[in-house]
Amino acid sequence: MIKKIISLTRVQKAFILLVIDVCLVPLALLATMALKGTRAEVLFDTLLLRHWLLLPVLMVSAGVLCIALRMNRIKLKDYSSEAVGRSMLMAAALGIISAIFSQATGTGISSGFHVIFALVYFAAYFGSRLLMVWLLTQLYRRSRIFTRVAIYGAGRTGMALARELRAVDGLVVYAFLDDNATLSGMNVNGLPIFSGVHAAVLRDRYKINRVILAMPSVSVDKQTFISKRLDKLGLEVQTLPAFSQLHGGDELMSRLLPAGPAALLMRDPLNEALTTGCSAYRGANVMITGAGGSIGLELCRQVIGCRPARLVLFELSEIALYNAEAEMRVLAEALGVEIVAVLGSVCDGIHVIQVMERNEIAVVLHAAAYKHVPLVEMNPRVGMANNTLGTATLARAARDAGVKRFVLVSSDKAVRPGNLMGASKRFAELMIQDLAARAPKTIFSIVRFGNVLGSSGSVIPLFQEQIARGGPVTLTDERVTRYFMTIQEASRLVLLAGSFAEGGEVYVLDMGKPQRIGDLARRMIAASGYSVRDAETPHGDIEIVVTGLRPGEKLHEELMVRKGAQATAHPKIIRVREDHLSELETAAALRDLRDAVDRGSDAEVISVVARAVREYNPQSLPKSALQCRIVEAQHAADVPAE
């Protein structure tokens with residue numbers, strides 16, 4: 001039935017409304033006589049025998065007025081204050097026509113009758129429209145043809161959005177979601193408000209299949225968290241830009257953006273669930289370092305789906321650990337997984353091995369690292385101590401505690417590193433490669449990938465914040481390219497690669513073709529409903545400003561140094577061969593790095609890095625004394641400095 005109603009043309013719908021408006025005339029006349037106390041025999045004699053012309057005159061008049069006032073052209077869901085005013089005018093006109101006709105024909109009907117008729121007709125007209133709206137809404141809510149929507153955010157933006165969406169065909173708004181507990185249970189514009197934690201209840205009650213986040217003032221991280229939570233419920237999530245960007249209902253739907261950064265990839269992301277790789281984690285005690293970070297937290301979400309016996313969240317940041325544990329607790333209760341939250345640093349060898357032994361850890365996923373290139377470049381000693389010495393400490397503790405699998409999450413910046421962050425990761429890889437050859441009871445492996453869309457400190461949140469402020473969007477260089485992958489893709493493939501490992505492998509994730517950051521910025525500006533302001537379009541909305549490469553930043557990243565990559569059981573996971581240091585060279589480099597860190601000398605730390613990581617090629621020009629030390633160290637190691 002609903003399909004037949006939907007398939008009606010605008011002309012057919014207008015005709016049906018015209019017929020209804022005309023047919024209300026005899027009903028209103030009968031109701032008026034009933035209100036006046038007219039008996040049935042008198043009604044038959046008065047209306048149908050002596051004054052039979054009154055009925056067709058009023059019905060014809062109703063039809064003419066309906067067409068003249070375009071009442072049958074107003075959509076039912078648009079029957080608002082203006083339409084109500086027109087229906088009042090139409091009812092009053094019919095009352096006047098009835099009075100004039102009665103006086104001209106001498107029927108002797110009292111003037112009060114015509115006033116009551118006009119009021120009854122208006123009431124019937126108004127009631128019929130409300131009834132039709134209610135019936136159609138009930139049909140739509142039970143139909144799978146229409147998109148059933150909830151709006152997250154019951155503020156001014158959300159309410160305005162609900163009004164705008166009423167004009168969108170094929171879409172019905174059912175309710176609001178809001179984290180403000182005082183609003184729960186209230187109604188706004190006829191729509192109920194549910195608490196954000198009751199999204200599953202709303203989904204089941206109204207069969208909601210889409211949620212629109214109408215909270216432009218909320219931080220990007222909070223919106224991402226809400227989006228992920230709703231996505232786990234099987235709901236499609238869209239975000240709304242700042243309401244100041246909306247210029248009318250016709251443009252509204254084009255300004256709704258897919259929530260999450262995956263839509264910005266110019267390829268199909270990997271969305272398959274982790275299945276084959278779960279066997280390495282199911283029933284095991286798993287420890288994830290950096291559990292509160294972008295990658296670490298997503299690894300937690302993926303691992304917990306494999307139903308480990310125990311999941312240990314190891315994190316340096318107290319607030320990050322608190323938030324990670326709160327989210328994991330909810331999932332763990334449903335899956336029967338024990339959650340252990342541990343606050344600590346990977347550089348604390350005593351604490352690390354105690355945690356591993358106490359929890360009988362079988363798998364370690366090492367995602368803890370300082371990853372922001374400029375910050376590590378300005379703090380070389382701290383960066384190397386955490387990323388390299390911390391990895392060595394953790395890996396040796398895993399070996400001594402009898403851990404079965406150890407997976408190092410590495411970066412494409414470790415390939416021919418041009419900055420200290422990349423060099424610290426490559427140094428860490430060398431430590432793992434060395435241990436893999438000398439620890440038969442523990443399978444050590446490395447998984448290397450590029451930039452993750454939407455992670456903390458990445459270009460996506462930065463560009464979003466700059467666009468929300470009205471620009472400008474800052475770009476280091478128009479030529480810069482980077483490999484990109486979603487957090488979900490990267491985490492699934494890390495776990496899968498870790499399950500493949502037999503010892504010492506370096507895995508690289510297939511991230512497609514590198515993308516120009518400038519093109520990404522332009523896509524984000526366009527997706528937000530703005531235009532780029534440049535020489536060709538001086539009246540655009542958002543300007544892109546080139547600031548120059550930051551210290552240690554490369555124009556292009558790589559995923560491997562040597563040729564000869566090998567395929568694995570998964571098409572997006574590649575095994576590569578990388579050179580590594582001998583056992584003596586590794587031990588000497590690690591000793592020298594510890595000594596330099598203990599002496600508190602940034603220059604000595606960088607000198608050690610330059611000797612150990614032979615392909616290290618700092619991008620900054622050697623202007624300072626510290627940079628001259630780097631060049632000297634490279635020459636001493638017979639590595640050409642460019």
- [ ] Please list the non-local residues whose amide H lies under 5 Å from the amide H of residue 448, H modeled 1.01 Å from N, same-chain partners needing a gap of 5 or more.
- [x] 410, 507, 508, 509
Task: Placed amide H near residue 543: partners under 5 Å, 5+ positions off or other chain - done: 473, 533
- [ ] For residue 215, list long-range residues whose amide hydrogen, built 1.01 Å from N in the peptide plane, is under 5 Å from its own amide hydrogen.
- [x] 240
Task: Spin-label model distance (nm) - residue 35 vs residue 599, 7 Å beyond Cα toward Cβ - done: 10.1 nm
Task: Extended-chain gain in nm, criterion 0.36 nm per residue less alpha-carbon gap, residue 382 and residue 462 - done: 26.3 nm
Task: Computed label-point distance, nm, for sites residue 584 and residue 282 using a 7 Å Cα→Cβ extension - done: 4.8 nm
Task: Segments 368-376, 307-315 sorted - mean Cβ within 10 Å per residue, highest first - done: 307-315, 368-376
Task: Spatial separation of Cα centroids for segment 400-477 and segment 193-207, in angstrom - done: 38 Å
Open item on the list: Set the bar at 31 Å for Cα to Cα. Now go through 13/232; 404/513; 413/572; 232/371; 207/513 and name every pair that lies beyond it.
Closed with: 13/232; 404/513; 207/513
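Bear in mind that the values in this text are calculations on the coordinates, not laboratory data. Treat the numbers as computed from the prediction; the structure is a model and nothing was measured. Glycine gets a Cβ as well: all are built from the backbone with ideal geometry, and neighbour counts include every protein chain shown.
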